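To keep things clear, I will list the structure first and then write my remarks on it.
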Amino acid sequence: MSVGPWIAWLLLLSPAAVVIPVAAASLYVHLRLRHKGVPVEATCDRARRNNGLWACAYRYVDTAGTSHYEYRQKPYPLPVPEPGRPVSVVYDPRRPKRSRTQYELRRAVPWAGVNIGTYLFVQLVLGILGAAFLAVGMFES
């Protein structure tokens, strides 16, 4: 039995096998917060934008009175709040430590275009390699 076809199929499918569970979990959290999240006002501790990367640390209190701290970092442009100013946040009532800013939740999906483009490029390159290995039979014994 030759392992060549297995390696070729692994090259063809591995990016999707890795990305799909992560993307599905991220999408689930995003949609749950959009539909069942509880809006609160958080306080910005620190915020910055560096080379297109947005980062914000904020604190909020859930309905049970528990204080939570969140540090969010995104590769797409968002308005940068000033430290000490309020930030509109939505948290999950089942898991109050899970939150997103209102502005993040306005997006239809939680991913940035560059992430999707990078994934598609990697999938294309590995797909070409996997198809070449299958076509040439490079690993046949």
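The values are calculated or read from the model by the stated rules, or taken from the named source; none is laboratory data. No experiment lies behind these values; they were computed from the predicted model shown. As a convention, Cβ positions derive from the backbone with ideal geometry for all residues, glycine included, and neighbour counts pool all protein chains shown. Accessible surface areas use protein heavy atoms only, side chains included; no ligands, DNA or RNA. Shrake-Rupley method; radii C 1.70, N 1.55, O 1.52, S 1.80 Å.
Helix 113-136 and the longest principal axis of the C-alpha atoms of the chain enclose an angle of approximately 10°. Each label point was placed 7 Å from the Cα along the Cα-to-Cβ direction; for Trp9 and Val61 their separation is 5.7 nm. Here the range 14-45 is scanned for amide nitrogen atoms under 20 Å from the site 7 Å beyond the Cα of Tyr69 along Cα-to-Cβ, giving 41-45. Each residue of the range 61-73 was assigned a 3J(HN,Hα) from its phi angle through the Karplus expression (A = 6.51, B = -1.76, C = 1.60, θ = phi - 60°), giving 10, 7, 5, 7, x, 8, 8, 10, 10, 9, 10, 10, 9 Hz with x at Gly and Pro. What ratio of Cα Rg to 2.2 N^0.38 Å holds for the chain? That works out to 1.44 for the chain. Across the chain, the longest run free of exposed loop sites, meaning trypsin sites (Lys or Arg not before Pro) lying outside DSSP classes H, G, I, E and B with no more than 10 other Cβ atoms within 10 Å, spans 1-93. At a probe radius of 1.4 angstrom, the accessible area of the chain per residue rounds to 63 square angstrom. Using only the alpha-carbon atoms, how far is helix 4-36 inclined from the longest principal axis of the chain? Give it as 0 to 90 degrees, nearest 10. Its long axis makes an angle of about 20 degrees. Here the Karplus curve 6.51 cos²θ - 1.76 cosθ + 1.60, taken at θ = phi - 60°, turns the phi angles of the range 37-42 into couplings of x, 9, x, 9, 9, 9 Hz, with x standing for Gly and Pro.
Comparing Val89, Val125, Val38 in a Gaussian network model of the chain, where Cα atoms under 10 Å apart are tied by springs, the biggest mean-square fluctuation is seen for Val125.
Computed in the context of the full set of protein chains, the accessible area of the chain at 1.4 Å probe radius has 64% of its extent on carbon or sulfur.
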